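Below is one structure, written out as structure tokens, with a few remarks after it.
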Amino acid sequence: MKVLLVVGTRPQVIKLASLTRALTDSGVDFSILHTGQHYDYDMDEVFFKELGLPEPIEDLGVGSGSHGYQTGEMLIKLEKAFERLTPELVAVPGDTNSALAGGLAAVKLKIPVAHIEAGLRCHLPFMAEEINRVLLDHMSRLLFAPTTTAFSNLRNEGLKALATKPGDVMADNIKLFEGMLGRVDLPAKLAGRKYAYVTVHRAETVEDAKNLERVVSLLASIPREFAIEVAFAVHPHTRRRLEETGLIAGLRSDAIKLLKPVSYLTSLKLSKEAAFVMTDSGGLQKEAFLLGTPCVTLRPVTEWTETVRSGWNSVTDLDSQKVGRAVRRYLTSRPRSVNAIGLYGGGSASRRIAESIRAAVT
Ligand code: UD1
């Protein structure tokens with residue numbers, strides 16, 4: 001086996017859908033190694049099944065814990081796994097602790113690293129994903145930027161010689177799966193309803209009880225002020241925080257539908273049919289844009305600047321006035337349509353990445 005894809009979390013597994021198909025088509029000999037960072041059926045296995053992914057060659061079973069513990073356990077276990085499996089190249093998608101540990105364990109063994117989704121920056125100093133991205137980009141030999149902004153960031157950090165801009169594998173996923181959405185059912189309690197599709201999971205949003213309280217009051221205000229329902233797919237960590245703080249009581253309303261984490265195709269369907277999406281997830285901001293649904297982003301900044309420039313995404317943080325203005329605008333007029341997929345490589349990112357990887361290992 002020449003190429004090892006290291007993943008551990010929901011968004012990374014989803015990125016494998018188009019990537020593994022393209023690697024297979026390019027004749028690259030690859031396997032998937034799972035760190036076990038995500039382990040619930042709804043956060044992990046469901047995606048392997050639904051997206052028809054190859055089984056991981058190993059699951060290191062690292063699980064949850066503090067960032068230092070989680071990353072450290074992964075490093076120890078990944079190093080042993082790389083020594084056993086002897087990959088020629090390690091490829092990591094995204095910016096999670098699993099991605100950082102995969103990259104670091106590899107370079108310490110002098111195995112070259114390819115970073116898929118390189119160059120994203122939000123310039124927040126203590127954000128876990130920002131730390132992971134910067135470190136990963138500066139230790140990798142192949143940097144695959146999803147957007148022009150990401151490519152410029154790499155150039156500004158002196159990494160131009162290692163970087164290319166193949167586009168975004170998530171756009172390829174939309175191209176692969178959008179045609180199937182006609183056959184995917186919305187959760188029964190949402191059929192025929194007008195709703196906002198909501199997710200929040202980032203540590204910055206859910207760890208701080210004050211921020212979580214602001215989220216709950218924003219969600220409670222939507223049915224009241226805009227006469228539409230809320231479909232809230234709740235990450236297990238978010239649910240635990242809502243229960244610990246007692247804030248879950250503020251979401252008990254017929255107009256707020258709490259859902260378990262949903263499968264990828266259900267999430268795409270929920271985004272496509274929603275009046276708008278409201279989230280602190282990066283992936284969902286982009287999926288909404290690619291599916292023609294406006295998005296309200298509950299963060300102070302976004303890495304996906306093109307979604308904002310084209311008028312489809314409002315970065316409001318947890319400011320109720322900004323959220324209110326954005327929702328009102330999106331419910332009364334549609335942003336101008338743009339060639340969204342064209343901004344992310346036109347749906348050919350995985351093929352380009354697979355070709356570069358094949359050239360690097362043969
Ligand atoms: C991680 C990533 C984040 C990504 C997100 C997608 C890092 C630093 N963060 O955040 O970038 O957007 O995945 O979900 O890597 N838990 C479960 N079941 C699971 C997994 C997690 O219950 O299968 C709970 C545990 O209580 C755990 C908490 O969620 O402690 C946080 O999980 P963790 O993997 O540390 O980070 P995420 O918040 O999922």
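Brief remarks on what is shown
- In the full protein context, the chain carries 41 Å² of accessible surface per residue, based on a 1.4 Å probe and ignoring ligands, DNA and RNA.
- Distance distribution note for the chain: the fraction of Cα pairs above 37 angstrom is 16%.
- For the range 38-54, putting each phi into the Karplus relation 6.51 cos²θ - 1.76 cosθ + 1.60 with θ = phi - 60° gives couplings of 9, 9, 5, 3, 5, 9, 8, 4, 3, 6, 4, 5, 5, 8, x, 8, x Hz, in residue order, rounded to whole numbers and with x for Gly and Pro.
- Extension gain, residue 40 to residue 252: 0.36 nm times the residue separation minus the Cα-Cα distance gives 73.8 nm.
- Straight-distance candidates among the aspartates and glutamates for linking to residue 272, with alpha-carbon spacing under 18 Å and chain neighbours fewer than 8 residues away dropped: 172, 178, 185, 229, 280, 287.
- Note on the range 135-293: the C-alpha convex hull projects to 11.1 nm² when averaged across all orientations.
- Contour minus Cα-Cα distance for residue 361 and residue 57 (0.36 nm per residue): 107.5 nm
- Length gained on full extension, residue 69 to residue 329: 89.2 nm, using 0.36 nm per residue less the C-alpha separation.
- Relative packing of 235-245, 288-298, 346-356, 17-27, which averages over residues the other C-beta atoms within 10 Å, highest first: 288-298, 346-356, 17-27, 235-245
- Set of lysines near residue 77 by C-alpha distance (under 16 Å), chain-local residues within fewer than 8 positions excluded: 108
- Taken along the Cα-to-beta-carbon direction at a fixed 7 Å, the label points for residue 161 and residue 1 span 3.2 nm.
The values are calculated or read from the model by the stated rules, or taken from the named source; none is laboratory data. Because the structure is predicted, anything quoted here is derived from the model rather than measured. Using ideal geometry, Cβ is built from the backbone for each residue, glycine included, and neighbour counts are taken over all protein chains shown. Ligands, DNA and RNA are excluded from the accessible area calculation, which covers all protein heavy atoms including side chains. Shrake-Rupley method; radii C 1.70, N 1.55, O 1.52, S 1.80 Å.
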